[in-house]
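Reviewing the structure listed below.
No value in this document is a laboratory result; all are computed from the given coordinates. On a predicted model such as this, the values are computed, not experimentally measured, just so you know. Every residue, glycine as well, gets a Cβ built from its backbone with ideal geometry; the counts of neighbours run over all protein chains shown.
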Amino acid sequence: MIPYSRQDVSQSDIDAVVEVLRSDFLTQGPVVPYFEKLVADYSGAKYGVAVNSATSALHIACLALGLGPGDWLWTSPNTFVASANCALYCGARVDFVDIDSKTYNMSVELLEEKLSLAEISGCLPKIVIPVHFAGQPCDMLAIHALGQRYGFKIIEDASHAIGASYSNADLQSFTNEEKQSDFIKVGSCTHSDITVFSFHPVKIITTGEGGMTLTNDVAVAEKMAMLRSHGITRDVNKMTSNPDGPWYYQQVSLGFNYRMTELQAALGLSQLERLEAYVKRRHQLADQYNQDLDSLPLIRPWQREGAYSAYHLYVIRCDALKRKLVFERLIMAGIGVNVHYIPVHTHPYYLQMGFHAGDFPVAESFYADAISLPLFPMMSEVDQAIVINQVREAFLA
Ligand SMILES: *Cc1c(COP(=O)(O)O)cnc(C)c1O
């Protein structure tokens, strides 16, 4: 069986987790803050707040930016449901902006169009969540500029995109060398308020379950840290009265238990050392797919100029009938394929909120003919050749 994605757990990962198991703290010890610091340093952000999933990260990110009843949150329909559900957790309303037909990320043109209409009708979003689909960075410079103009906050759902980067330069006016030297990491929050990473085992690096929020705003970081742990503080400066004694703490907001354990952070720290190598390997495999699938009547992933993908997914498109044949053939051959994503608004829960099939046609047509081929760092050349052969055969059949 060749899975569509698989974690890579090394002996050093296992040793790191075992070391924590033998230590004094399984939770709320020194490893989580260290993991936060290293991920923040790597990404170029000031603060990291580790949590038990990206879903929790999205929730506290929305709360920390003040999302609540009466507010709108917009995201991409081509994503996992968690990118939209976070709005509903906060009692806010959710809407979508259709995707670009090349990148499969939220279309900046459609976002701009929808914003100008929303301004007239007085229902501008409080938060927009661009999703870096498949690890390819969205056009953050353009989205950030729209955020400045229309006054919305930005949370990047970078669940697919730790290790991705993009040019911070104006592509029109810079030479190739300047573009290269001006690359910044997804997660630096240069063009957003908060970025969210996922460490689910199918993602780029894993902590089993886990996620992190990154921000450059100390007040937002402190809010998220408090929300992660019941809304409780032990910081005298954040209390409403003097402490009753050294045991004292106060609950000052309604938070949750979204904490990451020390074991998870130890695994994450150990994985982080291989992050760059992982992304490099993903690019190698993607290049090989690109080369070997070149002659077939299918659309390979298109890469935006000035962007370096983390290549979480390798998605091809062909006609809908062929897609079904390819899918079935690969499953029969013991190859794990997948389809990303069922457009969020077409799930029954969203349909009963008033969305309709046809609302976001580009995401829907993408869903109708897309297929994600296996891609993970430990995939061997032999395994990839088997996949490529099966895809070829499916097209000849
Ligand atoms: C995986 C994923 C999530 C949720 O991540 P968890 O860590 O499993 O909660 C959210 N958004 C996107 C785009 C994802 O791919």
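For the residues H312, H345, what sequence is obtained by ranking on other C-beta atoms within 10 Å, fewest first? Walk me through the numbers on the way to the answer.
On the way: H312 29, H345 23.
Ascending Cβ contact count within 10 Å gives the list H345, H312.
From zero up to wherever the largest Cα-Cα distance of the chain sits, split into 20 Å bins and tell me the percent of pairs in each.
Bins of 20 Å from zero give 27, 57, 16, 1 percent of pairs.
List the lysines whose Cα sits under 16 Å from the Cα of K203, skipping any in the same chain fewer than 8 residues away.
K280
Would you compute, from DSSP H runs of 4+ residues alone, the mean residue ellipticity of the chain at 222 nm, taking -39500 (n - 2.57) per run and dividing by the full residue count, rounded to the nearest 500?
Working: 14 runs with 156 residues, N = 397.
Computed ellipticity for the chain at 222 nm equals -12000 deg cm²/dmol.
Where the only charges are on Cβ atoms (+1 Lys, Arg; -1 Asp, Glu), what is the dipole of the chain about its Cα centre, to the nearest 20 debye? Working shown, then result.
Values: 30 positive and 43 negative charges, 110 e Å.
Result for the chain is approximately 520 debye, rounded to the nearest 20.
How large is Rg/Rh for region 325-397, to two decimals, with Cα atoms and a Kirkwood Rh?
On the way: Rg = 15.8 Å, Rh = 14.1 Å.
That ratio equals 1.12.
Against the longest principal axis of the chain, how steep is helix 320-332, in degrees 0 to 90 to the nearest 10, with axes from Cα atoms?
Roughly 80 degrees, rounded to the nearest 10.
Angle, helix 54-64 long axis vs. longest principal axis of the chain, Cα atoms, 0 to 90°, nearest 10?
Between helix and principal axis, roughly 50 degrees.
If we count every other residue with Cβ under 12 angstrom of A50's Cβ, Lys/Arg +1 and Asp/Glu -1, where does the sum land? Walk me through the numbers on the way to the answer.
Values: positive: K37, R228, R259; negative: E36, E209, E262.
Once all neighbours under 12 Å are counted, the net charge is 0.
Net charge within 12 Å of D71 by Cβ-Cβ distance, Lys/Arg positive one each and Asp/Glu negative one each, not counting D71 itself? If you can, show how the numbers build up before the last one.
On the way: positive: R93, K126, K153; negative: D95.
Overall, the nearby charge balance is +2.
Among residues other than L296 whose Cβ falls under 15 Å from its Cβ, what is the net charge (Lys/Arg +1, Asp/Glu -1)? If you can, show how the numbers build up before the last one.
Details: positive: R300, R317, K322, R323, R329, R392; negative: D292, D294, D319, D369, E393.
With Lys, Arg at +1 and Asp, Glu at -1, the neighbours total +1.
Any idea which of G66, I99, S53 is furthest toward the positive side of the dipole for region 1-111, if Lys and Arg beta-carbons carry +1 and Asp and Glu beta-carbons -1?
About the Cα centre, the residue reaching furthest to the positive side is G66.
What is the dipole size for region 90-147, taken about its Cα centre, with +1 at each Lys and Arg Cβ and -1 at each Asp and Glu Cβ, in debye to the nearest 20? Kindly include the intermediate steps, with their values, before the conclusion.
Working: 4 positive and 8 negative charges, 47 e Å.
In total the dipole reaches around 220 debye.
Sequence gap at least 6, Cα distance under 8 Å: using those rules, report the relative contact order of region 101-253 to the nearest whole percent.
Working: 224 pairs, mean separation 23.4, N = 153.
Answer for region 101-253 is 15 percent.
Counting other beta carbons within 10 Å of each residue's own, what order do H283, H340, H132 fall into, fewest first?
Working: H283 15, H340 20, H132 29.
In increasing order of surrounding Cβ atoms, one gets H283, H340, H132.
Which residue, A221, A45, A320, tops the fluctuation ranking in a GNM of the chain built on C-alpha contacts under 10 Å?
Comparing A221, A45, A320 in a Gaussian network model of the chain, the most mobile one is A320.
With 10 angstrom as the radius, rank K46, K185, K322 by how many other C-beta atoms surround their C-beta, starting from the fewest.
Numbers: K46 15, K185 22, K322 18.
Placing the least packed residue first, the sequence is K46, K322, K185.
Angle, helix 262-272 long axis vs. longest principal axis of the chain, Cα atoms, 0 to 90°, nearest 10?
Tilt of helix 262-272: around 50 degrees.
Please state the charge dipole magnitude for region 156-283, taken about the Cα centre, from unit charges on C-beta atoms (+1 on K and R, -1 on D and E), reported in debye and rounded to the nearest 20. Don't skip to the answer; put the middle values down first.
Working: 12 positive and 15 negative charges, 90 e Å.
My answer is approximately 440 debye.
Treating cross-link reach as a plain straight distance, find the aspartates and glutamates whose alpha-carbon is under 13 Å from the alpha-carbon of K46, omitting any fewer than eight places away in the same chain.
Leaving aside aspartates and glutamates fewer than 8 places away in the same chain, those within reach of K46 are E36, D193, D217, E222.
GNM, the chain, Cα, under 10 Å: largest mean-square fluctuation among L65, L110, L375?
L110
Below 8 Å, C-alpha to C-alpha, sequence gap of six or more: please give me the relative contact order for the chain in percent.
On the way: 796 pairs, mean separation 91.1, N = 397.
Answer for the chain is 23 percent.
Could you work out which residue, out of D294, D41, D139, moves most in a Gaussian network model of the chain, that is, has the largest mean-square fluctuation with Cα springs under 10 Å?
Comparing D294, D41, D139 in a Gaussian network model of the chain, the most mobile one is D294.
Mind checking which of Y349, P374, A307 is farthest towards the positive end of the chain's charge dipole, using Cβ charges of +1 (Lys, Arg) and -1 (Asp, Glu) about the Cα centre?
Checked the options; the winner is Y349.
Using only the Cα atoms, work out Rg/Rh for region 282-349, with Rh taken as the Kirkwood radius, to two decimals.
On the way: Rg = 14.0 Å, Rh = 14.0 Å.
Taking Rg over the Kirkwood Rh, I get 1.00.
Report, as a whole number in µm² per second, the diffusion coefficient that Stokes-Einstein gives for region 1-139 at 37 °C and 0.692 mPa s using the Kirkwood radius over alpha carbon pairs.
Details: Rh = 17.9 Å.
Answer, rounded: 184 µm²/s.
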